[in-house]
Structures are given as C-alpha cells and as structure tokens.
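Okay, structure first, notes after.
Each value in this text was obtained by applying a stated rule to the coordinates, not by laboratory testing. Given the structure is predicted, the values throughout are model-derived calculations rather than measurements. Cβ placement follows ideal geometry from the backbone for every residue including glycine, while neighbour counts extend to all protein chains displayed.
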Ligand SMILES: NC(=O)c1ccc[n+]([C@@H]2O[C@H](COP(=O)([O-])OP(=O)(O)OC[C@H]3O[C@@H](n4cnc5c(N)ncnc54)[C@H](OP(=O)(O)O)[C@@H]3O)[C@@H](O)[C@H]2O)c1
C-alpha cells in the first residue's frame, strides 16, 4: 500500500492540524470528512482537499476508499465512534483520551484484533523527537530520585463555564475535565519515563459543571515519588523536573518541549541539552509513526511498536481510572 486513505471525524482545530500533518507526511491521501453538518463537511473538504464530504455517519463508515479514520470528537464519543470504525474494517487513530473507562480499552483492542485492524491513541508528545531524546537522557541517569511534572494551562473555554455554559471539554456528559484533557499528557510522560507506579494518590478540585478543573497526583514507586500537577482553570508557570543522582533535568513543558537543561545538584551549574527546533506541525511525528505501522502491520518492528504503544496506553488508562475514582 503506497498511501493510507484517511477519513476524519470532527472539524475543529485539531482535525485541521492532523490533516495537515498527515498530508505533509506524504503517507496519506484525504478521502473523506464527516461532520454532523453537511455545510461544515463541505467547507472542510474544500479547504483541505478531501475527496468526499459526509453528514451521514453510516455512509462515511461504509466508504470503501477509506482505510483509516481519525477520531477527534468530544472525549465520550471516541469509544463508540472508534468501535464503529473498526466494525467497518477501518484502522482508527483516536485522539486522547481514546476511552473514558478502562473496560472500554480492552473491548476496543480486542475488537481491533478480531477484525484485523489497528487502533492507536494519538498521544502526540511521546512521538516527538525531543521527547524521545529526553527519554534517553532520563534512562541514562544513574539513579532516579523522583520527579515533578506540571501541565496546567488556563482554557478560554473556562470563560464560557464562568458565563454559565457547558462546553464539552468541561462537561461530565462528554468525558471532559482536566485530567482527561491535560493530566493525561503528564501521566503518559511519567509512565514512559518511570514505568507503572506501585500506587496512585489523587486529589482534585471540581468546578460548577462537575468535572475536575485541576488536580494533584502522587505516583508512588518503590524508591521515590513522582508528583503531577495539571489544570485547565489555572496557568502554572513552574518547570517540570526529573531528579537524578547529583543532577536535575529541567523541562519547559511536557508536550512540545523546546528547552531542557541539566542542573548540577551540588553546584547548580546549568548545561543546555541540544534539542531539535520546534516542528511547524508537531502532529507529523505521530502521523508518520502510525502510517508506518498501519502500512506494514506484519513486520516484526511494527508489531513491537504497536505492542509498546498499546501497553503504555493501557497502563496510562489504568492510572487515569484510579485518579478519576479518587478525585
Ligand atoms: N492532540 C492534541 O494536541 C489535541 C489538541 C486539542 C484537542 N485534542 C483532542 O481532540 C478532541 C476534540 O477536542 P476539541 O477541543 O476539538 O473538541 P470540540 O471542539 O468540542 O469538538 C470537536 C469536534 O467534534 C464534533 N462535535 C462537537 N460536539 C459534538 C457532539 N455533541 N456530538 C458529536 N460531535 C460533536 C464537532 O464536529 P462537527 O460539528 O463537524 O460534527 C467538533 O468540531 C478531544 O478528544 C481532545 O482531547 C487533542
């Protein structure tokens, strides 16, 4: 297969960005756009050069010329839409969080195996070359003494909540809330860097709509703790830090890292880690990685990559489930 034929669900900014990344990767052609509104679907199709526009979900799913469907709807719809895509024999690239309860994870993955297709979670940062490089730096530490990971950014949609509205990202009905939206990135980073924790201890602050607006989590490992702070109703300016024996890694962000330094724990001398320039479109890395595996599913390397992504995704959702239950 030379190129994957892409279909998309959702017409917001993230779909625009993914479609641009997919096209720029050279691995996809754009076959179909689905929107609940045909006018929106047509305008998206014209802007991004899709072959067809749909407002009929079943007709979209039944398009034989679509190989893979990118799902970027509100969180609570991901599971059912990805399931439908798989049932129609399509691969699925599902925006984070791929599911909103752990039981859905197993159902989705089992179904994909049964149907002989691939489902992946679009946790974009773990595919970014700078994130991969920093993972190697952390793996090279002599000892790990803990970490403090932060991702809290005020959402303009919180202004809508304050004005009495309930946008999906702040709605329980749509699987909204801070941990599902931003906390997930920090949990992915923690589990990629330190593995699965022994226990999880979570506290959150609920907002008027019933979702968590911000939260704190302690992940306990046998010899150290990793603390996580996330939020959508505040902006945190603090760096994320990983503590090694005699040195601290300081990061300006968890996703799209642009600046990283190693600080000597004794002298406080700072050494900049050389990173790649920020990419014009950070979704290109996941788009390429997913296409490689979907085009060559039988290669040993593809199987290993898929196993790695899925096992990480499973552990992340196990932790998220505990966080949601506790907070
Ligand atoms: N990876 C990243 O960097 C990143 C960044 C932002 C968001 N995301 C993820 O992308 C997903 C979408 O986020 P968003 O902020 O773009 O969400 P959103 O604006 O609330 O909705 C996205 C799209 O879903 C459709 N939609 C909205 N409400 C719906 C409803 N009630 N029923 C069915 N479809 C509905 C709309 O498309 P139509 O009106 O055309 O049907 C809309 O364009 C989320 O899961 C989020 O976590 C990821």
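The value obtained for segment 4-125, namely the Cα convex hull volume divided by the number of residues, is 94 Å³ per residue.
Solvent-free Debye calculation, one equal scatterer per alpha-carbon of the chain: log10 I(q)/I(0) at 0.13, 0.14, 0.15 Å⁻¹ equals -1.00, -1.16, -1.31.
Would you kindly state how much longer the chain becomes between residue 198 and residue 24 on full extension, computed as 0.36 nm times their sequence separation minus their alpha carbon distance, in nm to one decimal? The partial results should precede the final answer.
On the way: separation 174, 0.36 × 174 = 62.64 nm, distance 4.10 nm.
Stretched fully, the residue 198-residue 24 segment lengthens by 58.5 nm.
With contacts taken as Cα pairs under 8 Å and at least 6 residues apart, segment 129-278 reaches a relative contact order of 29 percent. Taking 7 Å steps out from each Cα toward its Cβ at residue 38 and residue 160 produces label points 2.6 nm apart.
Could you list 267, 11, 186, 106 in order of exposure, starting from the residue whose Cβ has the fewest other Cβ atoms within 10 Å? Walk me through the numbers before you get to the answer.
On the way: 267 8, 11 23, 186 26, 106 12.
Fewest to most other Cβ atoms nearby, the residues stand as 267, 106, 11, 186.
On a C-alpha basis, how far is the centre of segment 96-110 from the centre of segment 140-206 in Å? Whole number, if you could? Computed from Cα coordinates, the inter-centre distance equals 18 Å. In plain terms, the chain from residue 266 to residue 2 could stretch by 89.6 nm, reckoned as 0.36 nm per residue minus the Cα-Cα distance.
Say a paramagnetic label sat at a point 7 Å from the Cα of residue 224, along Cα to Cβ; which residues of segment 233-248 have their backbone N under 20 Å from it? Hits in segment 233-248 for residue 224 at 20 Å: 238-248. Placing dummy labels 7 Å off each Cα toward the beta-carbon, the span from residue 235 to residue 281 is 2.7 nm. Taking only alpha carbon atoms, segment 129-238 gives an Rg to Rh ratio of 1.04, where Rh is the Kirkwood radius.
Direction-averaged shadow area of the convex hull around the Cα atoms of segment 225-298, nm²?
8.2 nm²
Between residue 303 and residue 103, take the C-beta separation as r, use R0 = 22 Å, and let me know the FRET efficiency to the nearest 0.05.
Between residue 303 and residue 103 the formula returns 0.30.
Kindly list the residues of segment 259-294 that lie in the label zone of residue 133, defined by a backbone N under 17 Å from the point 7 Å along the Cα-to-C-beta vector. Under 17 Å, as judged by backbone N against the label point of residue 133, lie 259-263, 271-286 of segment 259-294. Exposure proxy check: 201, 317, 37 ranked by fewest other beta carbons within 10 Å? Listing 201, 317, 37 from fewest to most nearby Cβ atoms yields 37, 201, 317. Each of 13, 294 has some number of other Cβ atoms within 10 Å of its Cβ, and from fewest to most they run 13, 294.
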